[in-house]
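K.L.:
Here you go, one structure.
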Amino acid sequence: MMLDIYDFYDKMERNNIMLSFKGDITSELLTSILQIMESKLDNLQEEPKIKKKVYNVLVECLQNLYHHMDEVAPEQNDVIRSAIFMIGKLDNQYNIVTGNYIKKENVEGLKKRLEDINLLSKEELKEYYKAVLNNGEMSLKGGGGLGMIDIARKTGEKLNFNFSPVDDKFSFFSLNIKISQ
Amino acid sequence: METISIEGTPKTPTITFDTGKGFLEIKGRSIPENSIEFYKPLVDWLEKYAGKPQSATNVNIQLEYFNTSSSKCILDVFKKLEAINKGGSAVVINWYYEEDDEDMLEAGEDYQAIINVPFKMVQVAE
């Protein structure tokens, strides 16, 4: 099969994609991506305020992907141990899109959690963040369930997400985060 | 009494802890994937320091970025400081934020609301 690379290019160009990646998400990869994005944000001469917000949200999005790679056993399948990430800037708005496999049995729980976060006002999100920070147990992987709350708080936008069925074991979870100026 | 330090990296902050002067500083960025591992030595040093603290303990937190994984560990550090404050050493936490960084100021205020230790919010120029 021959990929139509121009089609890819054209789509990425129209969405003004600054960086995209598909594959296994490792700690070293995240270090590199963050360095590249930081210099791109510097080159765009973004206000420090916007630069910090984009960088912070990017860290949370990428580390979410990193922590959820572990949920798939390495022997399972190379394809399943792969995730996708893109960041672009269109009409003065940054878009961060991530996609990763999720076990079917975890879909309902995550969906409920994201829907609950989307019901909260700015002030309620602040209170919820503090409650989870103070009482929540930290998982051994280091994620503490704070990532999504933090993203919602920092962007001031609803979390835009979707689950696409893949097979009897997995769904594909996608998250689209907008950061306005 | 000794000074303990950890050199910063692109993902972890520089930590200086001068137990003789009762001075602790965390500076830089704190965005490691596994922050528990990174903060464990500091939590252990504070545990040891709590047994024989100085009459005053000054803490500077000057972070450019920190992730949510670090935020739990920073709370653990503050909980140790809360115990030290209760145990007779007057602790002050100086929380630095750049002048237009509302998110960082709010993060400091979140901790201030949870931890029973005097906080000073210190604004610095970019």
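K.L.:
Counting DSSP beta bridges with both partners in the protein assembly as shown, what percentage is antiparallel, nearest 5? Before the final figure, lay out each step's value.
P.N.:
Values: 40 of 60 bridges.
Looking only at bridges with both residues in the protein assembly as shown, the antiparallel portion is about 65 percent.
K.L.:
Take peptide B:61-72, look around each residue's Cβ out to 10 angstrom, count Cβ atoms belonging to other protein chains, and average those counts. Mind dumping the intermediate values first?
P.N.:
On the way: counts 0, 0, 0, 2, 6, 2, 10, 18, 12, 2, 7, 11.
Mean shielding count: 6.
K.L.:
Right, next: Starting from the 7 Å offset along Cα-to-Cβ, what nm value, one decimal, do you get for the label separation of A:D42 and B:K48?
P.N.:
Here the answer is 3.7 nm between the modelled labels.
K.L.:
Find the all-direction average of the projected area of the Cα convex hull for segment B:3-124, expressing the result in square nanometres with one decimal place. All intermediate terms of the calculation are to be shown ahead of the outcome.
P.N.:
Values: hull surface 26.7 nm².
For segment B:3-124, the mean projected area of the Cα convex hull comes to 6.7 nm².
K.L.:
Taking Cα centroids, how far is segment B:23-37 from segment B:85-110 in Å?
P.N.:
15
K.L.:
No solvent, one uniform scatterer per C-alpha: report log10 I(q)/I(0) for chain A via the Debye equation at q = 0.10, 0.16, 0.17 1/Å, two decimals.
P.N.:
For the requested q values the scattering log ratios are -0.42, -1.11, -1.25.
K.L.:
Moving on to the next point. Please compute the average number of Cβ atoms from other chains found within 10 Å of each residue's Cβ in peptide B:26-36.
P.N.:
Details: counts 0, 0, 0, 3, 0, 9, 4, 13, 8, 3, 6.
Average per residue, whole number: 4.
K.L.:
Quick check on chain A: helices-only [θ] at 222 nm, where DSSP H runs of length 4 and up contribute -39,500 (n - 2.57) each and the sum goes over total residues. Nearest 500, please.
P.N.:
Details: 6 runs with 87 residues, N = 181.
Here the helix-only value at 222 nm equals -15500 deg cm²/dmol.
K.L.:
What are the residues whose amide H is under 5 Å from the amide H of A:F170, where those residues sit 5 or more places off or on another chain and H is modelled from the backbone?
P.N.:
Long-range HN contacts for A:F170: A:K104.
K.L.:
Over segment A:5-180, what is the mean sequence separation of C-alpha contacts under 8 Å (at least six apart), divided by residue count, expressed as relative contact order in percent? Show your work: numbers first, answer last.
P.N.:
Working: 212 pairs, mean separation 44.3, N = 176.
Dividing the mean separation by the residue count of segment A:5-180 yields 25 percent.
K.L.:
If you don't mind, another one. Give me, ordered by chain and number, the residues 5 or more places off A:G145 or on other chains with an amide H under 5 Å from its own placed amide H.
P.N.:
none
K.L.:
Sticking with this one: When the Debye formula is applied to the Cα atoms of the protein assembly as shown, each taken as the same point scatterer, what base-10 log of I(q)/I(0) results at q = 0.09, 0.11, 0.14 Å⁻¹?
P.N.:
These q points yield log10 I(q)/I(0) values of -0.49, -0.72, -1.11.
K.L.:
Moving on to the next point. Taking each residue in B:74-85, count the Cβ atoms of any other chain within 10 Å of its Cβ, then average. What number comes out?
P.N.:
Mean partner shielding for this stretch: 1.
K.L.:
Could you give the nm distance between label points at A:K103 and A:S180, where each point is 7 Å from its Cα heading toward the beta carbon?
P.N.:
It is 3.9 nm.
K.L.:
If the label point is 7 Å along Cα→Cβ of B:F23, which residues in segment B:60-99 have backbone nitrogen under 20 Å from it?
P.N.:
Of the residues in segment B:60-99, B:60-64, B:81, B:85, B:89-97 have backbone N under 20 Å from the label point off B:F23.
K.L.:
Based on DSSP H runs of at least 4 residues, each adding -39500 (n - 2.57), what is the mean residue ellipticity at 222 nm of chain B after dividing by all its residues, to the nearest 500 deg cm²/dmol?
P.N.:
-13000 deg cm²/dmol
Throughout, read-outs are computed from the coordinates displayed, never taken from laboratory work. Note that the structure is predicted; figures quoted are calculated from it, not measured. For neighbour counting, all protein chains shown are included, and Cβ atoms are generated from backbone atoms with ideal geometry for every residue, glycine included.
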